[in-house]
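As structure tokens, the structure follows; a few thoughts come after it.
Throughout, read-outs are computed from the coordinates displayed, never taken from laboratory work. Every value quoted in this text rests on a predicted model; they were computed, and no experiment measured them. Please note: Cβ atoms are built from the backbone with ideal geometry, for glycine as well, and neighbour counts cover all protein chains shown.
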Amino acid sequence: MASGRMEFHADTIMQHTNFSFVIPNDFIIEEIKDPRHYDRPTKSLILLHGLTGTDTDWLYGGVAQEMAKQYNLAVFMPTTGNSFYLDHGYPGGNFASFIGEELPDYIRDTFGYCITRENTLIAGLSMGGFGAIHTALQFPETFSACIALSSALVIHEVAELGRRKNSIMSEQMVRDVFGDPETLLQSDRNPEFLYRRLRAEGKEIPKIYMAIGTEDSLYEVNRDFKRFLEEEGADFRYEDGPGAHTWDFWNEYLPKGLEWVLK
């Protein structure tokens, strides 16, 4: 198992940024629960952190190394600050384009992964769960599926600025991240808007797996997005179960998401 951390200059966000990686190139076959994952080429997984997180979160708190080994995945974990993985429309502020285009291009050129859409997945927790859904829908030519855990799907609450009373984001931070609340729902920062646009254009839409703990404060907004996907006839799977906004929940449900998208 090869692992490490790299830094490179990203044009989309105009800075040197870090990403951690795990590559399953050295393992003991007896440790693999389902060797059939090694009957195919290694797939790529871009794995996103939550608000206040970094590229090492899934290494130290999560199960990135175990998932790489068990599912034959090259896992790449970027750092993007508290950006919600959204574009702001100017060089230096295009975090969606960084995750959806520039980072996969860099991984392809440097490691030889992220070669095809079919072999490239995206996943994340909380802010990263929102980012996984949004980025997959904004760049469907890059990703075939996404896994969204405890997703901060707060778009409708942001559009009614101030309704989410327990948010750790100030009103100014919300405006800086999401832009004008009055135009948010009809913009490409809204995953629902992106989904409807893809469907109207007849484009192939990534599969979506989402999971949320029943004790999570984000439970209701995840249920709302589930209903939206049902109404749209989406190819998705939703699961919930006992749990809060914790690593115990994310480490339990990331493998479940991988089982579904890799079946």
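Structure remark: mean-square fluctuation, Gaussian network model of the chain, C-alpha springs under 10 Å; the largest value among 48, 103, 121 belongs to 103.
Which percent, to the nearest 5, of DSSP beta bridges fully inside segment 2-261 are antiparallel? Walk me through the intermediate numbers first.
On the way: 14 of 39 bridges.
Close to 35 percent.
In order along segment 230-236, the phi-based Karplus estimate (6.51 cos²θ - 1.76 cosθ + 1.60, θ = phi - 60°) of 3J(HN,Hα) comes to 4, 5, 7, x, 6, 8, 8 Hz; Gly and Pro are listed as x. The GNM of the chain, with springs linking C-alpha atoms under 10 angstrom apart, assigns the highest mean-square fluctuation among 200, 148, 64 to 200. Going by neighbour counts of Cβ atoms within 10 Å, the residues 219, 60 line up, fewest first, as 60, 219.
GNM on the chain, alpha-carbon springs under 10 angstrom: the most fluctuating residue among 37, 16, 156 is 16.
For the Cα trace of segment 188-263, dividing Rg by the Kirkwood Rh returns an Rg/Rh value of 1.00. Here the simple spin-label model places points 7 Å from the Cα toward Cβ, and for residue 34 and residue 248 these points are separated by 2.6 nm.
For residue 48, the residues whose amide H sits under 5 Å from its own are 123, 124, 125, ignoring neighbours fewer than 5 places away on the same chain, with H placed 1.01 Å from N.
Would you mind ranking 260, 247, 58 so that the residue whose beta carbon has the fewest other beta carbons within 10 Å leads the list?
Values: 260 17, 247 14, 58 29.
Going from least to most buried by this count: 247, 260, 58.
Per residue, the convex hull around the alpha carbon atoms of segment 101-202 comes to 112 Å³. Rounded to the nearest Hz, the phi-derived 3J(HN,Hα) couplings of segment 33-42 under the Karplus curve 6.51 cos²θ - 1.76 cosθ + 1.60 (θ = phi - 60°) are 6, 10, x, 4, 5, 9, 8, 10, x, 4, where x marks glycine and proline.
Determine, for 6, 173, 127, the number of other Cβ atoms within 10 Å of each Cβ, and report the residues in order from fewest to most. Mind showing how you got there, number by number?
Details: 6 15, 173 12, 127 25.
So the ranking, lowest neighbour count to highest, is 173, 6, 127.
In order along segment 4-19, the phi-based Karplus estimate (6.51 cos²θ - 1.76 cosθ + 1.60, θ = phi - 60°) of 3J(HN,Hα) comes to x, 9, 10, 10, 8, 8, 9, 5, 5, 10, 6, 6, 6, 9, 9, 9 Hz; Gly and Pro are listed as x. Labels on offer are [x] 53, 50, 46; [y] 54, 40, 38; [z] 44, 39, 32, and the one holding Cα extents along the principal axes in Å computed from this structure is [y]. Think of each Lys and Arg Cβ as +1 and each Asp and Glu Cβ as -1; about the Cα centre, that makes the dipole of the chain roughly 300 debye.
Take segment 137-263, drop everything but the C-alpha atoms, weight them equally and run the Debye formula without solvent; then report log10 I(q)/I(0) at 0.12, 0.20 Å⁻¹ to two decimals. Here log10 of I(q) over I(0) equals -0.49, -1.26.
Below 8 Å, C-alpha to C-alpha, sequence gap of six or more: please give me the relative contact order for segment 2-261 in percent. Don't skip to the end; give the middle numbers.
Working: 488 pairs, mean separation 42.6, N = 260.
Taking the mean separation of contacting Cα pairs over the length of segment 2-261, I get 16 percent.
Between residue 262 and residue 172, the contour length at 0.36 nm per residue exceeds the Cα-Cα span by 28.4 nm. So, in Å, what gap is there between the alpha-carbon centers of segment 239-257 and segment 17-65? Segment 239-257 and segment 17-65 have Cα centres separated by 17 Å. Dividing the alpha-carbon radius of gyration of segment 1-142 by the rule-of-thumb value 2.2 N^0.38 Å gives 1.01.
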